[in-house]
Amino acid sequence: MTTGLPDFFQYNLWANLRFTVAEQGELSQIFHLDGGTYDAPVIVVLIQAVNHAIDHRSQIATLLSQQDIEPPDLDGWSYNDVMH
């Protein structure tokens, strides 16, 4: 599979990640990213996705705090509590 950031959705990386992990459990499968110039196993792409989400969560919390708005609990435990 070849993906690249400009063609990110065209190649549907997330659908392939879901299939790879959910159906095959294959975290070592290699994805060829950035037009085939960068190779990374599925587990690294998943780690980066989580890390990227944490960056955005931190940015949003900072912006809310700067406006004197207390950010909600956005950690995984809070999500689980709300969903159950």
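The C-beta contact set for the stretch 65-79 (first residue under 14 Å from I54 (Cβ atoms), second residue surrounded by 10 or more Cβ atoms within 10 Å (Cβ to Cβ) and hydroxyl-bearing (S, T, Y), distance under 8 angstrom, 6+ apart or interchain) comprises P71/S65. Restricting attention to the stretch 72-84 and to residues that are in a helix (DSSP H, G or I) and at pLDDT below 85, the residue that is nearest to L27 (Cα to Cα) turns out to be G76. Of everything in the stretch 18-27 that is surrounded by 11 or more Cβ atoms within 10 Å (Cβ to Cβ) and at pLDDT 65 or above, the residue that is farthest from the chain's Cα centre (by Cα) is E26.
Give me the residue from the stretch 28-71 that is in a loop (DSSP other than H, G, I, E, B) and surrounded by fewer than 11 Cβ atoms within 10 Å (Cβ to Cβ) and, out of that set, nearest to the chain's Cα centre (by Cα).
Within the stretch 28-71, the first condition is being in a loop (DSSP other than H, G, I, E, B), and the residues that meet it are 28-29, 34-37, 67-71.
If we keep only those that are surrounded by fewer than 11 Cβ atoms within 10 Å (Cβ to Cβ) too, we end up with 28, 37, 67-70.
Values: S28: 17, T37: 20, Q67: 27, D68: 29, I69: 26, E70: 25 Å.
Going through the qualifying residues, I end up with S28.
The values are calculated or read from the model by the stated rules, or taken from the named source; none is laboratory data. Remember, it's a predicted structure, so these values are computed and weren't measured experimentally. All Cβ positions, even for glycine, are placed from backbone atoms using ideal geometry, and neighbour counts span all protein chains on display.
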